[in-house]
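Some notes on the structure that comes next.
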Amino acid sequence: MNGGTPLIEFERVSKVYPHPAGNVVALDNATLSIMTGEFVAIMGPSGSGKSTLLNLIGGLDVPSTGVLRIEGADVSTLTDDQLTELRRDRIGFIFQQFNLFPLLTARENIEFPIMLACGKRECGQRPHQLFSAVDLPEDSYERRPSELSGGQQQRVAIARALINDPALLLCDEPTGNLDTKTGNGIMELLLGMNRRGKTIVMVTHDPKIAEFAERTIHIRDGRVE
Amino acid sequence: MIFFELAKRNLRLHLFRSILAVLGVIIGVTSITAMGILGAGIVLFISEDLTKVSDTLVVSPHVGGAMGFSTANDRITDRQFEQIKRAAAPSLAVPVYQTSDRMSVGSEETAGIIYGLDPKDMPVFLDIKEGSMLRGSSGAMVGARFAEDNKLKVGSLIGVRDKGTLRVSAILKERGMGFDINPDYGIVVSSKWFQDSYNRKEYDSVIVKVKSLDEIDSTKKTIEKALNRGRETVVDVVDTRKIMETILDSFSRISLFTTAIGGISLVVAGVSILNVMLMSVTERTREIGIMRSIGAKRKEVRRMFLYEALLLGLIGSGIGAVLSVFAGLLVSQVMLQTTRFVFAPSSMIYILYGMAFGVGTCLLSGFYPAWKASDLNPIEALRHE
């Protein structure tokens with residue numbers, strides 16, 4: 001564990017979803033911190049509240065009660081646009097199903113967040129550095145996601161997550177759709193990113209994958225254990 | 001930027017659907033533009049005929065009685081004519097006799113309007129196609145249509161019931177519809193011949209040609225003041241410019257109405273675009289979720305869908321504009337038998353209107369789907385399969 005400043009702080013955070021049959025408590029009074037530069041795995045069975053935790057950390061949702069700070073900012077006080085900018089500039093998302101845009105080429109997919117940030121189509125040389133950083137062959141640059149293998153697609157997704165040089169990488173079952181060998185390759189890549197200073201929070205139900213992390217947070221029935 | 005590119009690629013991906021949506025816009029834009037061009041053409045067509053008489057006041061005896069029946073005594077006397085002449089000065093006042101009668105050309109029987117004018121006033125109204133202007137009291141000048149229908153030439157003879165025979169001295173140029181005199185379907189004789197033949201001194205109307213259009217209102221008022229003293233209305237003074245304005249106004253309304261009918265097809269096109277866009281939003285819910293989660297703002301998602309609507313509108317309106325020129329030529333030829341008004345500025349402006357309406361309808365139709373897309377909850381959108 002790095003002894004830096006906290007990047008994420010949960011203070012007695014609960015998330016309650018209204019439901020006709022009674023409110024559903026997805027996260028119950030959670031208090032935890034994730035330090036800058038940490039590699040944390042979140043584990044728990046289905047419906048335990050992993051996704052809620054990840055959505056809150058990713059600024060996609062706000063707590064019902066309690067205080068959640070991301071880089072010191074209380075997310076409850078941020079507007080929708082400010083939360084969006086936080087996701088765009090400070091957080092990189094890596095999904096189980098890659099979630100690339102099928103209509104864009106690999107290069108355009110990677111450039112998408114930087115284009116959002118700079119408002120133009122041409123925003124410097126960074127995509128080319130990233131291609132080599134995530135170990136993508138040159139002939140894949142102008143291909144659409146459907147023409148790439150699963151592993152290549154996840155590498156494109158990682159490059160996309162890194163393009164705005166975020167402080168935090170959020171990974172939701174990053175190897176869930178990949179075979180073991182390819183999955184291990186992706187995990188090595190993430191580990192490399194962590195060594196270069198990126199904070200990584202990863203949701204997984206695979207203990208072998210969780211072993212790549214320095215710390216594992218267990219969650220069950222909405223409670224952090 | 002990238003959202004425009006995404007909009008373009010999405011339309012290309014669903015090419016057939018996009019083409020159908022564009023087709024609706026093309027039909028809508030073409031129909032409203034062609035109707036607009038036709039309407040403008042009709043107004044131009046009518047006003048071309050009407051402008052010739054817009055400097056005219058027609059003074060006629062006031063028609064009394066609630067039912068509007070006129071009696072034989074309701075004519076303008078010489079004294080009244082002198083009053084009109086004085087009131088209208090320096091504008092020219094021309095007394096006109098007018099009747100309809102049976103006529104014969106050779107063995108053929110026919111009928112037509114007969115105008116009686118002083119020969120010195122004739123050049124004010126009439127242009128000659130062939131022959132020469134009437135000088136003496138006998139003889140007649142024949143309207144273009146009347147001559148054509150009865151195969152009359154200069155020198156031909158026309159019998160007027162029991163009033164005698166007139167030799168044609170001239171065939172007149174076609175004059176078109178007018179509010180003063182309409183000699184196209186009749187003949188013009190000298191006032192002397194008319195007085196002798198019909199045994200009349202009173203005139204049917206007096207036509208005042210004002211010197212400048214600005215004087216129309218004041219001349220009209222002066223004549224009314226001079227003749228309609230007290231409560232009694234002796235004459236009606238009709239301002240032909242007013243009539244023309246009323247007619248043009250009516251035609252403009254008709255033209256607006258036909259354009260509005262064309263607009264219905266554009267509304268249908270709008271509904272089809274709304275449908276296509278809503279489908280697009282549903283299909284791309286997950287993609288919208290990804291966009292929102294990695295940092296696209298609501299307004300950016302909204303913009304992407306509006307670009308799609310805009311593209312459909314621009315392509316449809318562009319093609320529609322080109323086609324509407326041909327459609328305008330076609331409807332003008334069929335309805336007006338001429339295409340010369342199609343390229344007039346007042347007709348061409350409808351192309352711009354049509355395009356603006358086309359693009360506007362598409363944007364309007366795209367607004368709800370765009371709003372719906374931007375309002376999606378990113379978490380739920382991401383879960384969408």
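Numbers at a glance
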| quantity | calculated |
| --- | --- |
| Cβ-placed point charges (K, R +1; D, E -1), dipole of the protein assembly as shown about Cα centre in debye, nearest 20 | 1000 |
| Selected from B:Ser156, B:Gly176, B:Leu117, residue furthest toward positive end of dipole (segment B:106-216; charges at beta carbon) | B:Ser156 |
| Accessible area buried between chains B and A, both sides summed, probe 1.4 Å, in Å² to nearest 100 | 2500 |
| Structure-based [θ]222 nm, the protein assembly as shown - -39500 (n - 2.57) summed over DSSP H runs of at least 4, per residue, nearest 500 | -15500 deg cm²/dmol |
| Extent along principal axes [Cα atoms of chain B; Å; largest to smallest] | 101, 53, 36 |
| Solvent accessible area, Å² - B:Met355, 1.4 Å probe, full protein context | 60 |
| For segment B:238-278, alpha-carbon Rg over 2.2 N^0.38 Å | 1.97 |
| Kirkwood Rh, angstrom, segment A:1-106 [1 / mean 1/r, Cα pairs] | 15.2 |
| Distance histogram for chain A (every C-alpha pair counted, 10 angstrom bins, percent rounded to whole numbers) | 8, 33, 36, 19, 4, 0 |
| Total charge dipole magnitude, chain A, about the Cα centre, Cβ charges on Lys, Arg, Asp, Glu only, Debye to nearest 20 | 60 |
| For A:Asp221, solvent-accessible area (1.4 Å; no DNA, RNA or ligand), Å² | 120 |
| q = 0.05, 0.06 Å⁻¹: log10 I(q)/I(0) that the Debye formula gives for the protein assembly as shown, counting C-alpha atoms only | -0.49, -0.57 |
| Residue-normalised accessible area of chain B, given per residue in Å² at a 1.4 Å probe | 49 |
| In segment B:83-126, the trypsin sites (Lys or Arg not before Pro) that fall in loop regions by DSSP, at most 13 other Cβ within 10 Å | B:Lys120 |
| Segment A:119-225, dipole about Cα centre (Lys/Arg Cβ +1, Asp/Glu Cβ -1), debye to the nearest 20 | 320 |
| Cut-off 15 Å between beta-carbons: net charge of the residues surrounding B:Ser132, Lys and Arg +1, Asp and Glu -1 | +4 |
| Probe 1.4 Å - accessible area at B:Thr30, Å² to nearest ten | 20 |
| Relative contact order for segment B:96-208, counting Cα pairs under 8 Å that sit 6 or more residues apart, in percent | 35 |
| Contact order normalised by residue count of segment A:134-225, Cα under 8 Å, 6+ apart, percent | 25 |
| Exposed chymotrypsin sites (Phe, Trp or Tyr not before Pro) absent: longest stretch of chain B, with sites in DSSP loops and at most 16 other Cβ within 10 Å deemed exposed | B:70-342 |
| Segment B:135-262: translational diffusion in µm²/s, Stokes-Einstein, Kirkwood Rh over Cα pairs, 25 °C, 0.890 mPa s | 135 |
| Ellipsoid equivalent to segment B:233-385 - semi-axes via the Cα gyration tensor, in Å | 48, 17, 11 |
| Net charge over other residues, Cβ less than 12 angstrom from the Cβ of A:Ala213 (K, R count +1; D, E count -1) | -2 |
| Two-decimal log10 I(q)/I(0) for segment B:96-208, as the Debye equation yields it once each C-alpha is a single scatterer, q = 0.21 Å⁻¹ | -1.16 |
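The values are calculated or read from the model by the stated rules, or taken from the named source; none is laboratory data. The structure presented is a predicted model; accordingly, all values stated were derived computationally and were not measured. Virtual Cβ from ideal backbone geometry, glycine too; neighbours counted across all protein chains shown. Note: areas computed on protein heavy atoms with side chains; ligands, DNA, RNA excluded. Shrake-Rupley method; radii C 1.70, N 1.55, O 1.52, S 1.80 Å.
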